[in-house]
1. Looking at (1) modelled with pLDDT of 95 or more; (2) within 14 Å of chain A (Cβ to nearest Cβ), which one does B:ASP326 not meet, given that it meets all the others?
2. Of the residues B:VAL52, B:VAL7, only one is in contact (Cβ under 8 Å) with a residue 24 or more places away in the chain, among the aliphatic types (A, V, I, L, M) and part of a strand (DSSP E or B); which?
3. Taking the condition out of contact with any His (no Cβ under 8 Å at 6 or more places or on another chain), more than 14 Å from chain A (Cβ to nearest Cβ) and more than 16 Å from ligand 2 (Cβ to nearest atom), does B:ARG63 pass?
4. In the set B:ARG45, B:ARG78, B:ARG21, B:ARG73, which member is in contact (Cβ under 8 Å) with a residue 12 or more places away in the chain, among the basic types (Lys, Arg) and either assigned by TED's automatic domain parsing to the domain that holds B:PHE125 or closer than 26 Å to B:THR321 by Cβ (or both)?
5. Quick one: count up the residues across the stretch B:357-384 that are among the charged types (D, E, K, R) and within 13 Å of chain A (Cβ to nearest Cβ).
6. Just checking, does the stretch B:282-296 include any residue being touching an Asp or Glu at 6+ places or on another chain (Cβ under 6 Å) and not aliphatic (A, V, I, L, M)?
7. Of all residues in the stretch B:232-263, how many are surrounded by fewer than 21 Cβ atoms within 10 Å (Cβ to Cβ) and either under 12 Å from B:ALA285 (Cβ atoms) or within 16 Å of ligand 1 (Cβ to nearest atom) (or both)?
8. Quick check on this structure: which one of B:THR113, B:THR126, B:THR107 is surrounded by fewer than 16 Cβ atoms within 10 Å (Cβ to Cβ), more than 16 Å from ligand 2 (Cβ to nearest atom) and within 22 Å of B:GLY282 (Cα to Cα)?
Amino acid sequence: MRVTVDMDLCQSHGQCVFAAPEIFAFDDEENLVHQEHPDEAEREQAERAAALCPVRAVTVAPAPSPAAP
Amino acid sequence: MRAPHRVVVVGASLAGLSAARTLRAEGWTGSLTVVGAEPHLPYDRPPLSKEVLAREEEPELPRLPLPAGPDARWLLGRRAVRLDTSERRVTLSDGTGLAYDGLVIATGAHARTPRAGGPAPPGVFTLRGWDDALAVRARLGAGRSLVVVGGGFLGSEIAAAARARGTAVTLVEAAEQPLTRALGRVAGAYVAGLQEEAGITVRTGTRVTGFRTALGGGLCAVELTNASAVPADTAVVALGGVPATDWLAGSGLLLDQGVCCDPFLRALRGDGSPAPGVVAAGDAAKVPYALAGGSRVTTGHWADALAQGAAAASTLLHGETAGPYDTVPSFWADLHGARFRSVGLPSLADEATVLEHDPAGRRLEIAYHHRGSPVGALTAGRTSRLAAYRAELASAARSAGVCAAAPSAGTRTG
Ligand SMILES: Cc1cc2nc3c(=O)[nH]c(=O)nc-3n(C[C@H](O)[C@H](O)[C@H](O)COP(=O)(O)OP(=O)(O)OC[C@H]3O[C@@H](n4cnc5c(N)ncnc54)[C@H](O)[C@@H]3O)c2cc1C
Ligand code: SF4
């Protein structure tokens, strides 16, 4: 799964850190850092973080479609 | 618990849209109607007191994302005027009747208007919606003078934005410091310091008694309790919100400065039982918080309206199995280059511990306790520290549990 943050939009609200602390964190300089390729198992948390971001800076790439039969 | 077929959302803003988005995101395909009093497409309010006022460029409506999935029916520019909870029907201002088996009350709040005598003259505004923001915006800039009435976060942001545009700004606050009631004296003094540094005149411990008008009828000065008057061509009254529950009069719902909810965000009736199929969220709702010992609170915060909208929708779909609402409140405001962020309910505190205090570096960290238990935290420029506070508050709330709050004195049934 791929998670991106538009750092031009991000204002360090921290909602994503609250929603998905395994994926998002702040460094000592108050910059947001995040895992770009978290485990697929964390999709729900990542999507919650994207929904909670007040400036909608977080994008979660859609789930890969199930392999064609 | 059967999922509803027809859901009506009243209030087409943050909480209502969050509920609508959640219904669709959970795969619910029933008929969805969203009613909104404003003619505009749903938009976000926080930018209205920040960049919309502060920036020179023409602002654009800060649109909110719409629900995905099957189309909703949008009834914008129309207000709900009556709710019949036994017939399960909402009546709109144009006479339309909407039957529901699930109803989300998300009508938010109106701006509180000044108590001081008589109707306010032209030049006196409140700031709640897009039209208000455009009207205020047009009156800011060098050579203009503004009085902001109310030194809470909203008033403080308006003052900061107006000052950034070169407006002469006076901030009038009844308490000894701005923000003291919500965040205590240290935070209040900290913010007052930033305001004075920015060239804002801060008048505390005084109230507005009236508005003086020029010959043409427009505002020329704001009169204060100590018999002084501040010359100004514009005033913005920022005294907080009044829950927009007027349309619920006669509905039988329990109203007490907001729609009283149970822990699942179901709206309660006068007898304390939940009204079938009715949930509430956002600035119109009063929700029990474990952090507050189970008392009902309206936080008036963006993140809480969003989270409550989603939780209310889950209750409509899943009933009590959705679980009680237990999100820790959180809030942000940006003032004079300081990024204030709070979690919990600092206004409940009887003790504030200052861990860092550095106005020049725009840093601040305060932990709030009530009877020794953590109830909140405030930081500026230290957002990194909030996640730990939030986790601590979440576990404190969990161990306190939500005890059913008895309706407080003065509660009335609509
Ligand atoms: C200028 C401003 C700045 C803010 N800044 C911040 C901030 O920095 N941080 C923060 O945490 N919070 C902030 N807030 C608070 C945040 O915006 C609110 O908590 C949030 O908007 C609440 O959402 P809501 O959907 O409950 O209510 P609202 O946003 O008030 O929406 C309610 C909607 O219902 C409509 N309505 C009312 N009555 C009826 C009726 N009878 N029929 C149909 N429709 C009706 C209204 O017209 C409105 O569109 C700010 C608020 C304002 C006004
Ligand atoms: S919630 Fe959004 S704005 Fe806040 S830190 Fe995360 S990405 Fe940035």
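1. (1) is the only condition that B:ASP326 fails.
2. B:VAL7
3. Working: out of contact with any His (no Cβ under 8 Å at 6 or more places or on another chain): yes; more than 14 Å from chain A (Cβ to nearest Cβ): no; more than 16 Å from ligand 2 (Cβ to nearest atom): yes.
Taking the combined requirement at face value, the residue does not satisfy it.
4. Among B:ARG45, B:ARG78, B:ARG21, B:ARG73, only B:ARG21 is in contact (Cβ under 8 Å) with a residue 12 or more places away in the chain, among the basic types (Lys, Arg) and either assigned by TED's automatic domain parsing to the domain that holds B:PHE125 or closer than 26 Å to B:THR321 by Cβ (or both).
5. Total meeting the criteria: 4.
6. To start, the set of residues in the stretch B:282-296 that are touching an Asp or Glu at 6+ places or on another chain (Cβ under 6 Å) comprises none.
Checked the stretch B:282-296: no residue is touching an Asp or Glu at 6+ places or on another chain (Cβ under 6 Å) and not aliphatic (A, V, I, L, M).
7. Final tally of qualifying residues: 9.
8. Checking each option against the conditions leaves just B:THR113.
The values are calculated or read from the model by the stated rules, or taken from the named source; none is laboratory data. Since the model is a prediction, treat every value here as computed from it, not as a measurement. Heads up, the Cβs are rebuilt from the backbone with ideal geometry, glycines too, and the neighbour counts pull from every protein chain shown.
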